[in-house]
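Q: Dropping the structure in here first, questions after.
Each reported figure results from applying straightforward, stated rules to the coordinates on display, with no laboratory input. Computed from a prediction, not measured in an experiment: that's the story for all the values here. All Cβ positions, even for glycine, are placed from backbone atoms using ideal geometry, and neighbour counts span all protein chains on display.
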């Protein structure tokens, strides 16, 4: 089982440039049902994508998300549109009624994301990202840029603000035979579509997810809010957490726009303390995430 | 991205904010002329640097004659300014702002930031001045807040409500409301991440104005603001950091002796963390990005070793989009091309890991490979210690 995606997930791609096409090819090969792509002016033409059984299928282009939804019943979109137009692409998907919008694009201006959040109010779409690796439910679908083969189907949910650190985590889990239900990268920006709490709620509801790894970072208070949620609602599922940036200096942006300690707030130390107090298995070394989960599951 | 006080004041005045009268000067002679032009008995000479704490660091001085403006500016411009935000080496001062001095009756604080949960927030306090951070910590109730909808900006009633709470008189409301709205408008129009007026003052003769101003831009919005480039002053930024940015590498210099090269910001931060846990000190944060290319690897090595404190280097790559064999070839090329003498520990995981490891081991170069992050950190820390 999994969260957010299932066998009925029908994906379109917005922003099929070089990177977009590369990743859509990978997703399709993994088994994700990609049903179309939006490229204004290309309506009526198709492009080839590989299937898991090494065949090829012709995927149609559409002029707009609305047309793509009308013709394909797509319910999910993956966005690679450059930062200059990413916010517009998200709003187009939301306007067309796409239920799950995953924005991979990095470098989206913060004010654009504020406008997107306001635009989404009262509508029935969920946004993951931007500036994120996307999500994967091993064996079901991969809607993102992560290397699919490191994952195994299983019972551990993974939610993370980071990209490669999520792969590191998954690598450790898989090496210990701990498969994953769904792995979600929520993105490293200050304003994102789905928070830790949003994703944890889904994991809590999913009967097949038995435990969760949460990979946090310095900056903001999303980890603290997640800790509150976990202590109140997730006592039945062990949560293992690592916070990156224990040695980061204050006031500097560590790659991710969200990873910045300001005014002494949002330090790793503070976050780790709060998480511990809320009954979460806090890991101090990033090398111990897998091991700690194995132990937590044995209890 | 940070800009100077004089630039921030110019932007705010475009939006109707009353700012203290001032003239920017590039030399002592220009400062002297500025004093004369202002035609005031007393002026303040303020060093234009991005760092805060200028006053306490000796970068803000009162002068009473054109001649004094000249000599004081000459001193300020002649040496790096050291404040609690600059580090002991200080930052160069290339410009001073000569302002007409005012007698301050009361100091207020006005500032707009992005709050991750509330969105845009305008903050104000009747206890402005240099100790505002302490006020925020010790008595947060003294900081008033209004949430601003990015579509409508700060609404007049919100500004009025805040101004009244701050204790402004009826005849002062218009100018205070205009200032607050100006902050909001500038914030949105220029894609800022911070706009701050501290202090915002009432002078003894009843004038209301901004004495200091600070603006930060959202780097992500640079594509729609060519003006960022015009306002950019990189003289306070570490040279290696500027160089890294040109190659799309994210580099931050730190104080340790172990250089690191990692793909991905989260993994890069964790690599720093694990080096510290192994008893070492990271010399830098360096994220080569998820889709790192070979030529970036070489440039990354050059940047790392440009720091003379680096004694050993750790490369930690989790290949996803980036393929380990290509990275390994990049490492081998870089070591050969540069004649790299530093002990080097490489940890590769993920896509094409075996091929990558083979390239490293068959290169004939002295490259130590590691399995897992903990092993890698221990090896590089041991290598750095052995060198001492």
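Q: With bins 5 Å wide starting at 0, give me the P(r) of region A:89-216 over every alpha carbon pair, in whole percents.
A: Per 5 Å bin, starting at 0, the Cα pair percentages come out as 2, 11, 22, 23, 19, 12, 7, 3, 0.
Q: Now for a separate question. Under a no-solvent Debye model with one identical scatterer per Cα of region A:147-298, what's log10 I(q)/I(0) at q = 0.11, 0.17, 0.19, 0.20 Å⁻¹?
A: -0.36, -0.90, -1.14, -1.27
Q: Using helices alone, what [θ] at 222 nm do you get for the protein assembly as shown, with -39,500 (n - 2.57) per DSSP H run of 4 or more residues, divided over all residues and rounded to the nearest 500? Could the numbers behind the result be given before it?
A: Numbers: 22 runs with 246 residues, N = 687.
The helix contribution divided over the protein assembly as shown gives -11000 deg cm²/dmol.
Q: Now a separate question. Counting DSSP beta bridges in the protein assembly as shown, what percent are antiparallel, to the nearest 5?
A: Numbers: 61 of 115 bridges.
Of all bridge pairs located within the protein assembly as shown, approximately 55 percent are antiparallel.
Q: Another one. Other chains' Cβ within 10 Å of A:143-151 residues: what's the mean?
A: On the way: counts 0, 1, 4, 4, 8, 1, 2, 6, 0.
Average per residue, whole number: 3.
Q: Same structure again: For residue B:170 and residue B:157 in the same chain, what is the full-extension length gain: residue separation times 0.36 nm, less their Cα-Cα distance, in nm?
A: On the way: separation 13, 0.36 × 13 = 4.68 nm, distance 1.39 nm.
Residue separation times 0.36 nm, minus the Cα-Cα distance, leaves 3.3 nm.
Q: Based on a Kirkwood Rh over C-alpha pairs, give the Stokes-Einstein translational diffusion coefficient of region B:174-275 at 20 °C and viscosity 1.002 mPa s in µm²/s. Spell out each step's value before the answer.
A: Numbers: Rh = 17.3 Å.
In µm²/s, the coefficient is 124.
Q: Across the protein assembly as shown, how large is the tail of the calculated P(r) beyond 50 Å, expressed as a percent of all Cα pairs?
A: 17
Q: Name the residue, out of A:84, A:267, A:51, whose mean-square fluctuation peaks in a Gaussian network model built on chain A with Cα pairs under 10 Å.
A: A:84
Q: Could you work out how far apart the two model spin labels at residue A:22 and residue B:219 are, taking each label as a point 7 Å from the Cα in the direction of the beta carbon, and quote it in nm?
A: A separation of 2.2 nm, rounded to one decimal place.
Q: Quick one: if you stick a label point 7 Å off each Cα along the C-beta vector at residue A:299 and residue B:40, how many nm between them?
A: Label at residue A:299, label at residue B:40, 6.4 nm between them.
Q: What's the angle, to the nearest 10 degrees (0 to 90), between helix A:268-277's Cα axis and the longest principal axis of chain A?
A: 80
Q: Using only Cα atoms, find the angle between the long axis of helix A:164-175 and the longest principal axis of chain A, and express it within 0 to 90 degrees, rounded to the nearest 10.
A: 80
Q: Convex hull over the alpha-carbon atoms of region B:135-206: what's its volume per residue in Å³?
A: Values: hull volume 8.0 nm³, N = 72.
Once divided by residue count, the hull of region B:135-206 is 112 Å³.
Q: Sticking with this one: Rounded to the nearest 5, what % of DSSP beta bridges with both residues in region A:11-128 are antiparallel?
A: 25
Q: Further question: Roughly how large, in nm² to one decimal, is the mean projection of the convex hull of the alpha-carbon atoms in chain B?
A: Across all orientations, chain B yields a mean hull projection of 22.2 nm².
Q: Please compute the average number of Cβ atoms from other chains found within 10 Å of each residue's Cβ in peptide B:256-266.
A: Counting Cβ atoms of other protein chains within 10 Å of each residue's Cβ and averaging gives 5.
Q: Antiparallel DSSP bridges in chain A: what percent, to the nearest 5? Before the final figure, lay out the partial values.
A: Values: 13 of 49 bridges.
In chain A, approximately 25 percent of DSSP beta bridges are antiparallel ones.
Q: Let me ask something else. If you project the alpha carbons of chain A onto their three principal axes, what span does each projection cover, largest first, in Å?
A: Here the Cα extents, ordered largest to smallest, are 57, 41, 32 Å.
Q: If the viscosity is 0.890 mPa s and the temperature 25 °C, what Stokes-Einstein diffusion coefficient in µm²/s follows for region B:14-165 when Rh is the Kirkwood radius over Cα pairs?
A: 139
Q: Principal axis lengths of region A:11-128 from Cα atoms, whole Å, largest first?
A: Principal axes ranked by extent give 42, 28, 26 Å for the Cα atoms.
Q: Between the helical axis of A:110-120 and the dominant principal axis of chain A, each derived from Cα atoms, what acute angle in degrees is found, rounded to the nearest 10?
A: With both axes taken from Cα atoms, the answer is about 70 degrees.
Q: For B:368, B:295, what ranking results if the residue with the fewest other Cβ atoms within 10 Å of its Cβ goes first?
A: B:295, B:368
Q: Give me B:99, A:278, B:324 sorted ascending by neighbouring Cβ count inside 10 Å, so fewest comes first.
A: A:278, B:324, B:99
Q: Right, next: Find how many whole Å separate the alpha carbon centroid of region B:223-276 from the alpha carbon centroid of region A:225-261.
A: After rounding, the separation between the Cα centres reads 22 Å.
Q: Okay, next question. Cα atoms only, region B:256-339: Rg and Dmax in Å?
A: 12.1, 32
Q: When the C-alpha atoms of region B:239-386 are aligned to their principal axes, what extent does each axis show, in angstrom, from largest down?
A: Cα spread of region B:239-386 along its principal axes, largest to smallest: 34, 33, 30 Å.
Q: Also: Quick check: Cα centre of region B:55-82 to Cα centre of region B:159-201, how many Å?
A: Computed from Cα coordinates, the inter-centre distance equals 30 Å.
Q: If you bin the C-alpha pair distances of region B:21-101 every 10 Å from 0, what whole percents do you get?
A: 23, 53, 21, 3
Q: Over region A:62-122, what is the relative contact order in whole percent, taking alpha-carbon pairs under 8 Å and six or more residues apart?
A: 36
Q: Can you sort B:172, B:299 from fewest to most other Cβ atoms within 10 Å of each residue's own Cβ?
A: B:172, B:299
Q: OK, next. What is the distance in Å between the Cα centroid of region A:150-187 and that of region B:1-15?
A: 45
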